[in-house]
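All remarks here apply to the structure that follows.
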Amino acid sequence: MDAGMDLLHSSGVELVQYLQLSYRDSQSWFTFISIAADLRNTFFVFFPIWFHLCEAVGVKLIWVAVIGDWLNLIFKWILFGQRPYWWVHETSYYGNVSVPVLEQYSITCETGPGSPSGHTMGSAGVCYVMVTAIVTSTFQKKQHGKQSWVFVAAHFPHQVFMGVISGMVVAEVFGRINAIYNASFKRYLQITLFLFSFALGFYLLLKVLGVDLLWSLEKAQRWCARADWVHIDTTPFAGLVRNMGALFGLGLALNSPIYAESCKGKRGQQFSFRISCIVASLIVLHLFDSVKPPAQRELLFYFLSFCKSAAVPLAAVAIIPFSVSQVMNKQEKKML
């Protein structure tokens, strides 16, 4: 088993080396694609746009992103996947032969296990939802797309493939669950608590049994080229609290009276209102995203990350549309 995985990993390293050497001039483009695939952009960019263009798609984006990333965390903890940038230094596969040199970047030093790829799983699920919505709305039967494979030594190629397949499966499943569109706040709260409790309970249970699910953090700290690239924001629990915050905030927003007043009435049907909400949301959320929770105290960081993530859908769905509606009402009264 170990020999087979070593062979798979070594083949992946060779492919990564080839791509890094052959497409060195495209480094900035690959880095941009990797950053764009981060789920943060789903919450801060894609969600507010889609929600105000087509509410159902926006809601589905959050559910697919949150559940997909939660499943990715559980898979990572079960599979104990290696990452190229530390595997090449710790494996005995190369013996006395010099260790392959892999270039590292600021986004390479993820601290969680590598399998399956969280970036590709999340982006595949989110893109599947958006592309499906576009194809459906334009009544196209065929969709021709170009995929970009990004290798910055954060994952082995087979982990990227697993991520893509898993993300598409999650998106397809949630395309068939209609209950997410009219769930009560109580249901949102129950699901949020269940997901968090399951992940935390799974972690604590294995810790009692002597299995440290945060084993990858030590490897990241040891083998990352620069210490400042290893950040608490990439730890498994950081992603967990962000996702739980986003789901909680969405449930709170969709069941708030100001959402019903601004988005469910006649105002919500106006194109100018929807565009205004999109523009205002993108500006406000961009400014909001620039505020980073302090990383010095771990528990405080997690708590503030939860609150920040919860505030994103709450602002985009309820607070900003209500504010835009009030401004438009005042302008209309002045014109009378």
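The values are calculated or read from the model by the stated rules, or taken from the named source; none is laboratory data. Computed from a predicted model, the values in this text were never measured in an experiment. Heads up, the Cβs are rebuilt from the backbone with ideal geometry, glycines too, and the neighbour counts pull from every protein chain shown. Protein only, heavy atoms only, side chains kept; ligands, DNA and RNA dropped before computing areas. Shrake-Rupley method; radii C 1.70, N 1.55, O 1.52, S 1.80 Å.
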Check your understanding: Among all residue pairs at least 6 apart or on different chains, which show Cβ distances below 7 Å where the first residue, located in the range 293-313, is in contact (Cβ under 8 Å) with a residue 12 or more places away in the chain and surrounded by 20 or more Cβ atoms within 10 Å (Cβ to Cβ) and the second is assigned to a loop (DSSP other than H, G, I, E, B) and hydrophobic (A, V, I, L, M, F, W, C)?
Key -> Phe301/Ala295
Exercise for review: Quickly run through the range 42-70 and pick out the residues that are under 16 Å from Ala311 (Cβ atoms), under 10 Å from the mean Cα position of the chain (by Cα) and among the aromatic types (Phe, Trp, Tyr).
Suggested key: Phe43
Practice item. Those residues that are within 19 Å of Val164 (Cβ to Cβ), at pLDDT below 90 and among the acidic types (Asp, Glu), I need them from the range 63-114; list them, please. Key: Glu110
Review point. Does the range 128-141 hold any residues that are touching a residue at least 24 places away in the same chain (Cβ under 8 Å) and either among the hydroxyl-bearing types (Ser, Thr, Tyr) or crowded, with 22+ Cβ neighbours inside 10 Å (or both), and which are they?
Key: Tyr128, Val129, Thr132, Ser137
**Study point:** Selection status of Phe288, open to solvent by 30 Å² or more (accessible area, probe 1.4 Å), of a type in the set (Phe, Trp, Tyr), assigned to a helix (DSSP H, G or I) and over 14 Å from Phe47 (Cα atoms)
**Key:** yes
Review point. Going through the range 173-217 one residue at a time, which ones are open to solvent by less than 80 Å² (accessible area, probe 1.4 Å), part of a helix (DSSP H, G or I) and of a type in the set (Val, Ile, Thr)?
Key: Val173, Ile180, Ile191, Thr192
Review point. Does any residue of the range 72-87 turn out to be aliphatic (A, V, I, L, M) and under 14 Å from the mean Cα position of the chain (by Cα)?
Key: yes
Practice item. Identify all residues within the range 236-255 that are under 16 Å from Pro313 (Cα atoms) and open to solvent by 20 Å² or more (accessible area, probe 1.4 Å); write none if there are none. Key: Arg242, Phe248, Leu252, Leu254, Asn255
Exercise for review: Just give me the residues in the range 69-127 being open to solvent by less than 20 Å² (accessible area, probe 1.4 Å), part of a loop (DSSP other than H, G, I, E, B) and within 17 Å of Leu8 (Cβ to Cβ), in sequence order.
Suggested key: Gly81, Arg83, Pro113, Gly114, Ser115, Pro116, Ser117
